[in-house]
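The values are calculated or read from the model by the stated rules, or taken from the named source; none is laboratory data. Worth saying up front: this structure is predicted, and the values here are computed from it rather than measured. With ideal geometry, Cβ positions are generated from the backbone for all residues, glycine too; neighbour counts draw on all protein chains shown. We work out accessible area using only protein heavy atoms, side chains counted, and drop any ligands, DNA or RNA first. Shrake-Rupley method; radii C 1.70, N 1.55, O 1.52, S 1.80 Å.
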Amino acid sequence: MTHLDDTAALQQRDPGGMLGQVAGLPAQLRGAMALQAAYRAVHGNLHHAGRRRDVLVCGMGGSAIGGDLAAAWAAPQGVRIAVHRGYGLPAWVDEGTLLVFSSYSGKTEEALSAFAAARARGLGGPCLTTGGALAERARAAALPVYT
């Protein structure tokens, strides 16, 4: 039996360091707010600029969970955020859609497929990844990459 105040025992049962990630959530949120401010400084406030109507987060698994949370928050605000967990892009996506590509590894087939489909339509958007092909392709297209 493990006691919650036995730090060594908890660390043995947490090889991925999830407890540290949870404890670091406030710092992660502050970092996210700083990234948002930096993005707005470069790209403006897209919602109020009237150039974007919808947001589509393209990702799979844990990489798409942030989109689900954002969608639940945004719906009562009158903002449509959808999550796409598949290949290509939905037919309704156009230049009025803010695309966000999310892949932890940067190698997820579906996210790379959505990115390629977007580029084929002359579209793009910020990429959330630790690297991989997604980061490489986004940087080559001069799109923002957030690691």
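Here are a few candidate values for Kirkwood radius over Cα pairs in Å: (i) 15.0; (ii) 16.3; (iii) 16.7. Which one was actually calculated from the structure I just gave you?
(iii)
Tell me the chymotrypsin sites (Phe, Trp or Tyr not before Pro) within the stretch 66-136 that lie in a loop according to DSSP and have at most 16 other beta-carbon atoms within 10 Å.
Sites meeting the loop and neighbour criteria: Tyr87, Trp92.
Using 0.36 nm per residue of separation minus the Cα-Cα distance, give me the extension gain between Tyr39 and Arg139 in nm, one decimal.
34.5 nm
State the percentage of accessible surface on the stretch 44-147 attributable to carbon and sulfur atoms; use a 1.4 Å probe and exclude ligands, DNA and RNA.
Here carbon and sulfur together make up 55 percent of the probe-accessible area.
Please calculate the 1.4 Å probe accessible area of Arg80, with all protein chains present, and give it to the nearest 10 Å².
So the heavy atoms of Arg80 present about 110 Å² to solvent.
Excluding ligands, DNA and RNA, what is the solvent-accessible area per residue of the chain at a probe of 1.4 Å, expressed in Å²?
With the other protein chains kept in place, the chain gives 61 Å² per residue.
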